[in-house]
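Peer 1: Here it is: the structure, laid out below.
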Amino acid sequence: MTGVQTCALPISSGTSTNEPAAAEEDAAEDEAEPADAAEDTTAEAETEAEPAAVEGDVSVFYYTYGDTYISSVRSALDAALDAAGIAYQDYDSNNSQTTQTEQVTTAIAKGTSLLVVNLVDSGSDDAAKNIIDQASAQNIPVIFFNRSVSEEAVSSYDKCVFVGTDYEMAGHMQGQMIGEYLMENYDAVDLNGDGVISYVMFKGQEGNAEAIARTQFGVEDADTILTEGGKSALSFYDESNSNKYLVDQDGAWSAAAANNYMQTILSQYSEANNNMVELVIANNDEMAIGSVTALQNAGYNLEDGSATVIPVFGVDATDAAKEAIGKGTMTGTIKQDAEGMANTIAQISANFMTSADTFADVEAENVVGTWRVNIPYATYTGE
């Protein structure tokens, strides 16, 4: 992935809405600085003059700081914007679209130069269109990222782009990874020997395009590999559940939601009852980790390798998931490149703020039309 190409610009510190300003303390320290230190600073500035930073500031809105993957994007994007000399303000929308929309309105009123939005409500285009309408009225560019916005909405404004992933691909890759793993380890996974793998699917959010695709293709593609290999298709553990998934009702894709579900499942479904859940599929790594914790509490997936391992698959390749895979308590995940996404957002931000071509210095193979950049996925099994 191409990194930010404006690193000749000086570092400009960003801020966050829940971090107090330290301007007064800095000013006091400056006043107390010894004369010789001040002279050294002046001399250094004369010998190492730097160009001015990019004019204006960026307002970055995260659907929640509490999402592990989004937190990794935030850290990487803060660093990339700092390196590009772009001032920024981070906002935590705390999983509330109303809060986020109000934050956007406030940022525009304060004179922001660019909006970077990790949308809360991606179930329809209403929230995105509202933000686009506000921004276009003031001629402010908008970069949506991570949570899908339709081509129609993005293309309605010539200063709007989306940076994300080919979200269906994550589901396809997860399904292929699961199917191949099961074909190689079928007898070990089929705990009751009935020739059918019983699974649970944890869906992050209703109406979310990424969640819908991962839920669908994670199972469908695994089934294709199984049936082509002469095995039975996967069977959802609860025959009464016609959806064939369990959703985080708060839409937070949280470890807590999956953990609560899994604990309830394990109280009824077990090896002793000959109906144990034999496979866990999760839309993201947080829900996968929550499942692992519940399994460990029930005596499975132990780090010392002394217990039966129920295969658990996620998406994101967070540090926690990679650590769990390394310990053998989780089986695999799909890497969603947080740093690649952050660098691309920072590059496009610099392009907008310097009137360069929108996709200048962005890898051409990742650009879709005039409206979108897809960051590639990769499988991760620790091997």
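Peer 1: Which angle from 0 to 90°, rounded to the nearest 10, does the C-alpha axis of helix 97-109 make with the longest principal axis of the chain?
Peer 2: 10
Peer 1: Could you identify which residue out of Ala317, Ala282, Ala294 has the top mean-square fluctuation in a GNM of the chain using Cα springs shorter than 10 Å?
Peer 2: Checking each option, the largest mean-square fluctuation is seen for Ala294.
Peer 1: Assuming R0 = 45 Å, can you tell me the calculated FRET efficiency for the pair Asp166 and Ser270, based on Cβ-Cβ distance, to the nearest 0.05?
Peer 2: For R0 = 45 Å, the calculated efficiency reads 0.70.
Peer 1: In segment 71-100, whose amide N lies under 19 Å from the spot 7 Å out along Cα-to-Cβ of Glu323? List them in ranges.
Peer 2: 71-76
Peer 1: Moving on. Just to confirm a number: summing +1 for Lys and Arg and -1 for Asp and Glu over residues other than Glu152 whose beta-carbon lies under 10 angstrom from that of Glu152, what do you get?
Peer 2: Counting the neighbours of Glu152, the net charge comes to -1.
Peer 1: So between Thr308 and Tyr186, what do we pick up on full extension, going 0.36 nm a residue minus the alpha carbon distance?
Peer 2: The Thr308-Tyr186 span can extend by a further 42.5 nm.
Peer 1: For Lys159 and Ser75 in one chain, what is 0.36 nm times their gap in residues minus the Cα-Cα distance, to one decimal in nm?
Peer 2: Value of the extension gain: 27.7 nm.
Peer 1: Set Lys and Arg Cβ to +1 and Asp and Glu Cβ to -1, take the dipole of the chain about its Cα centre, and tell me which of Ser306, Gly230, Ala360 lies farthest positive.
Peer 2: Looking along the dipole axis, the top candidate is Gly230.
Peer 1: Okay, moving on. What residues qualify as long-range amide H neighbours of Ile86, i.e. H under 5 Å apart, gap of 5 or more or another chain, H built at 1.01 Å from N?
Peer 2: Ser12
Peer 1: Sequence-distant or interchain residues sharing an amide H contact under 5 Å with Thr379, placed H: which?
Peer 2: Sorted by chain and number, the residues that satisfy this are Lys335.
Peer 1: Calculated FRET efficiency, Thr224 and Ser355, Cβ-Cβ r, R0 45 Å, to nearest 0.05?
Peer 2: The formula returns an efficiency of 0.40 here.
Peer 1: Let me ask something additional. Would you be so kind as to identify which of Ile70, Ser291, Gly326 lies farthest towards the positive end of the dipole of the chain, taking Lys and Arg as +1 and Asp and Glu as -1 on Cβ and the Cα centre as origin?
Peer 2: Positive-end residue among those listed: Ser291.
Peer 1: First measure r as the distance between the Cβ atoms of Val196 and Ala137, then evaluate 1/(1 + (r/R0)^6) with R0 = 56 Å and state the FRET efficiency to the nearest 0.05.
Peer 2: In this case the efficiency is close to 0.45.
Peer 1: Next up: For every helix of n ≥ 4 consecutive DSSP H residues, a contribution of -39,500 (n - 2.57) applies; sum these over the chain, divide by its total residues, and give [θ] at 222 nm rounded to the nearest 500 deg cm²/dmol.
Peer 2: About -13500 deg cm²/dmol.
Peer 1: Right, another one. Long-range amide H contacts for Cys160: which residues qualify at under 5 Å (H placed 1.01 Å from N, peptide plane, sequence gap of 5 or more or a different chain)?
Peer 2: Sorted by chain and number, the residues that satisfy this are Val142.
Peer 1: What's the magnitude of the charge dipole for segment 168-336 around its Cα centre, counting Lys and Arg as +1 and Asp and Glu as -1 at the beta-carbon? Answer in Debye, nearest 20.
Peer 2: The calculated dipole for segment 168-336 is roughly 140 debye.
Peer 1: Return one number: the angle in degrees, 0 to 90 and rounded to the nearest 10, between the long axis of the Cα atoms of helix 126-137 and the longest principal axis of the Cα atoms of the chain.
Peer 2: The angle comes out at about 10 degrees.
Peer 1: Within the chain, what is the longest stretch that has no trypsin sites (Lys or Arg not before Pro) placed in a DSSP loop and near at most 16 other beta-carbon atoms within 10 Å?
Peer 2: The answer is 160-383.
Peer 1: What is the magnitude of the charge dipole of segment 192-287 about its Cα centre, with +1 placed on the Cβ of each Lys and Arg, -1 on the Cβ of each Asp and Glu, and no other charges, expressed in debye to the nearest 20?
Peer 2: The dipole magnitude comes to about 80 debye.
Peer 1: May I pose another question? By the scheme Lys and Arg +1, Asp and Glu -1, what is the net charge of all other residues having a beta-carbon under 12 Å from that of Gly218?
Peer 2: Summing Lys and Arg as +1 and Asp and Glu as -1 gives -2.
Peer 1: Tabulate in residue order the Karplus-calculated ³J(HN,Hα) for segment 377-383, using 6.51 cos²θ - 1.76 cosθ + 1.60 with θ = phi - 60°, rounded to whole Hz; enter x for Gly and Pro.
Peer 2: 8, 8, 6, 9, 10, x, 8
Peer 1: Percent of Cα-Cα pairs more than 27 Å apart in the chain, please.
Peer 2: The answer is 53 percent, as a whole percent.
Peer 1: By how many nm would the segment from Ala109 to Gln249 lengthen if fully extended, with 0.36 nm per residue of separation less the alpha-carbon distance?
Peer 2: Residue separation times 0.36 nm, minus the Cα-Cα distance, leaves 47.0 nm.
Peer 1: Roughly how many whole Å is it from the C-alpha centroid of segment 198-238 to that of segment 71-119?
Peer 2: Using only Cα atoms, the two centres lie 35 Å from each other.
Peer 1: So, in Å, what gap is there between the alpha-carbon centers of segment 320-359 and segment 167-193?
Peer 2: 25
Peer 1: Please report the net charge: other residues with Cβ closer than 12 Å to the Cβ of Asn95, K and R +1, D and E -1.
Peer 2: Neighbourhood net charge equals -4.
Peer 1: Further question on the same structure: For the modelled label position 7 Å from the Cα of Glu152 along Cα-to-Cβ, which residues of segment 108-123 have backbone nitrogen atoms closer than 13 Å?
Peer 2: Output list for this probe position: empty.
None of the figures in this text is laboratory data; all of them are computed from the coordinates on show. Keep in mind it's a predicted model, so treat the numbers as computed, not measured. In this analysis, Cβ positions are derived from the backbone assuming ideal geometry, glycine residues included, and neighbour counts consider all displayed protein chains.
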